[in-house]
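Just below is one structure, and these are the notes that go with it.
The values are calculated or read from the model by the stated rules, or taken from the named source; none is laboratory data. It should be emphasised that the depicted structure is a prediction, and the values quoted were computed from it without experimental measurement. In this analysis, Cβ positions are derived from the backbone assuming ideal geometry, glycine residues included, and neighbour counts consider all displayed protein chains. For the accessible areas, the whole protein counts, side chains as well, though only heavy atoms, and no ligand, DNA or RNA atoms are used. Shrake-Rupley method; radii C 1.70, N 1.55, O 1.52, S 1.80 Å.
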Amino acid sequence: MFYRLEVANFYSVRDLQVIDLGTRVRGDDDQHLEPVWKGADIYAPKVVAIYGANAAGKTTFLRALWFVCDFVANSFSRPAGSAMPFLRFNGSEMRGAPTKLAVEFAGPNNPEDISEPNYGADAEQCGYRYEVEIGGPPESPVKVLREIVRYKPKGAARMMKLIERTGDGEIHAGKSFKLGRRAAALKEILRPEASVICTLAQLGHPLATLCVLAGRLIQSNVAIEKIEFNDAAPAQYFQRNPAHLDNLRKEIGRMDLGIKGVDVQSPNGEPTLVFEHEGLSSPMPSVFESNGTRQFFRMMPWIFHALDFGGVALIDEIDSAIHPLVLPEIIRWFHDPRRNPLGAQLWVTCQNPVLLDELHKEEVLFCEKDRSGKTTIYALRDIQNVRRGENFQKKYLGGVYGAVPHIG
């Protein structure tokens, strides 16, 4: 679970923006918030919804979280010299300035005890912080200027450094990180555009491997440009995961999508989703379904994967083609401890205010962009005198919270 994200000089974000989801206040029956690790006295929402006008920069924050996770998990596997998939703020004063990203999350309280096969999945946890700075001259390939992992074990007064990488490629590892004989090999294979954590995972370092595995639990439709998945992707997913297909059949019956059943067929060797409709004599391929239905089925693999493994689903424009009565049901899956026993998170951008009726103030963020193109983000809970029981939808549409289009 992520409970803090920091972003600077990344797409439409110029100045440092901080999303701090942690709170020490939670009602006894509040299923919207989850301890950031078992036994923690800090709670974070299982759903994070970012609202704002078109082009306000909402997607930037999903991209930032995706970029950090993808960088840690996959950067070593890309060809040497590959460009990093991001853009700096498009302003002359920021072209040579570094991009800074940081996330805080839960990890093992004793990193020395991590080993295969489960990499400490049941171990006691504490808070971790990962930071990366990326930059270089405007016309040159960007490289890692600094990368650092800190943690705060139980009883510690402050965060302690586990490993730090500097711009000249020097690595400084704390005793608990146990770099050992891997130090020499790391120096040989570490590249300026690859994460030191991802690189160490290739050398079998247990904590680095755990970080890579966690990064790969992130499911998203955002990257340098929004990814448009075709209908083959969900068909392949449900063919590999028949239990999820059974769950989906149950859900569509409850949601009244106009569909009686769904199955996977492979008429030409390629799996495709087919849909049964009341009154029709034969199933219909997905190509004949509405855009909303196809969009719904495309996002289901990301959601099921997150719920199954306690991961994170990052979905841009979740409300773009889905009925507003269906969207709250998806939100409730993440709130329900029976459907979401591992504390999976759902981060979304949206504009449909109907969802605000399902959310607590700790779950809502707002984006605005000024005339110079700079995006700022702020939390609903930080607006003065906002109470949990008030009508968020009505006040948002009335402009009370800001982050709405200015017309006229």
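Order the peptides 356-367, 42-53 from the highest to the lowest mean number of other Cβ atoms within 10 Å of their residues.
Going from most to least packed, we get 42-53, 356-367.
Compare the peptides 232-242, 15-25, 125-135, 65-75 by average per-residue count of other Cβ atoms within 10 angstrom and give them in order, highest first.
65-75, 125-135, 232-242, 15-25
Cα axis of helix 242-255 to longest principal axis of the chain: angle in degrees, 0 to 90, nearest 10?
Here the helix axis deviates by roughly 50 degrees.
Which translational diffusion coefficient, to the nearest whole µm²/s, is obtained for the chain from the Stokes-Einstein equation, given a Kirkwood hydrodynamic radius over C-alpha pairs, 37 °C and 0.692 mPa s?
D, rounded to a whole number, is 145 µm²/s.
Assigning unit charges at the beta carbon (Lys, Arg +1; Asp, Glu -1) and nothing else, what dipole magnitude in debye, to the nearest 20, does the stretch 33-100 show about its Cα centre?
160
For residue 38, give me every one of the aspartates and glutamates with a C-alpha distance below 14 angstrom, ignoring sequence neighbours fewer than eight places off in its own chain.
Answer for residue 38, where 14 Å is the Cα cut-off: 122, 124, listed by chain and number.
Given a 1.4 angstrom probe, I'd like the percentage of the accessible area of the chain that is carbon and sulfur, rounded to a whole number.
C and S fraction of accessible area: 49 percent.
About its Cα centre, what dipole magnitude does the chain give when the only charges are +1 on Lys and Arg Cβ and -1 on Asp and Glu Cβ, stated in debye to the nearest 20?
That gives the chain a dipole magnitude of about 1060 debye.
Using the heavy atoms of the protein chains and a 1.4 angstrom probe, tell me the accessible area per residue for the chain in square angstrom. Don't jump to the answer; show the numbers that get you there.
Working: 19400 Å² over 408 residues.
Roughly 48 Å² per residue, with all protein chains present.
Tell me the relative contact order for the stretch 1-90 as a rounded percent, counting alpha carbon contacts under 8 Å between residues six or more apart.
32
Between residue 124 and residue 184, how many nm apart are label points set 7 Å from Cα along the C-beta direction?
Result: 3.7 nm between the two label points.
Tell me, how many Å apart are the Cα centres for the stretch 295-354 and for the stretch 34-74?
A separation of 13 Å, based on Cα centres.
Can you tell which of 167, 279, 310 shows the greatest fluctuation in a Gaussian network model of the chain with Cα springs below 10 Å?
Looking only at 167, 279, 310, the biggest GNM fluctuation is shown by 279.
Round to the nearest 0.05 the FRET efficiency obtained for residue 176 and residue 247 when R0 = 35 Å and r is the Cβ-Cβ distance. Mind dumping the intermediate values first?
Working: r = 41 Å, r/R0 = 1.16.
Result of the calculation: an efficiency of 0.30.
Ranked highest first by average number of other Cβ atoms within 10 Å, how do 387-393, 8-14 line up?
Per-residue Cβ counts within 10 Å, averaged per peptide and sorted highest first, yield 8-14, 387-393.
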